[in-house]
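The values are calculated or read from the model by the stated rules, or taken from the named source; none is laboratory data. Not measured: the values here are computed from a predicted model. Quick reminder, even Gly has a Cβ in these numbers, built from the backbone with ideal geometry, and neighbours come from all protein chains shown. These area figures cover heavy atoms from the full protein model, side chains too; ligands, DNA and RNA do not enter into them. Shrake-Rupley method; radii C 1.70, N 1.55, O 1.52, S 1.80 Å.
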Amino acid sequence: MGRGRRLGIAALVVASLGLALAIGDFAYLRTAYGASTVGGSSMSPTYEQGDRVFWERVDGSEVRRGDVVMFRAPESYGVLDGLLMKRVIGVGGDRVVCCAHVGSRERVTVNGRPVEEPYVRGGDADGVHKPYAVTVPRGRLFLLGDYRANSQDSRFHLDEQDGTVSADAVRGRVTGDRTAPALLLAFTLVGGVLVLTGIGLGIGAWAVRRRKLVQVPPAPWPVRPV
């Protein structure tokens, strides 16, 4: 087997492997994760306006209290397109009440127990002095922003399913762990490098074959007797 043929086979194998790796990882990255830019201050100070956040695509039944989720807002929220980000305070069957006085602080209670919320802005768990007592229906979620004084959330839609949002509206759960997306992106880039390497090998194989053809002397013309 000549050198040009060997290079050609190597080019095909390397390029095919790189293409499969790049396309496969990119497709998985798109189906398993999403990325969004925070558009407001309702989740401050945990997430500030302009922050870039990653979220893993999960079913609404998988989220738990305390999770920050991306969800498709009901029409009453006035958001025609895009996703909203809020924190899950209550899941199906929970009794959510605002607010109980614990010492000098007001605290949201879930099933009669005050919730520790170190993430709320200024330690203000109430924010708008709008009392509520909600039993979350099955298959639905009670959602609040971390900046309680500046968040359009379940508290302002109590006349519709007690302000709750269907778990089916959840598109993903925000994650601070970027290891998996980073690894997948790295493998995608490796796949791209392999494709380029395969192209380079292919060019090399073409050059070797062309050089070999040039080096072969032309066949002499037959000499005819006079």
Kindly indicate which of R148, R138 is under 15 Å from V91 (Cα atoms) and of a type in the set (D, E, K, R).
R138
Checked pairs for the range 163-180, first surrounded by fewer than 18 Cβ atoms within 10 Å (Cβ to Cβ), second modelled with pLDDT under 95 and of a type in the set (V, I, T), C-beta under 7 Å and 6 or more apart or across chains, list as none
Count, please, the residues in the range 76-114 that happen to be part of a strand (DSSP E or B), without any contact (Cβ under 8 Å) to a residue 24 or more places away in the chain and among the charged types (D, E, K, R).
4
If I filter the range 118-130 for residues that are assigned to a helix (DSSP H, G or I) and not small (G, A, S), do I get at least one hit?
yes
Select, from L184, L201, the only residue that is open to solvent by 30 Å² or more (accessible area, probe 1.4 Å), at pLDDT below 80, not small (G, A, S) and not in a strand (DSSP E or B).
L201
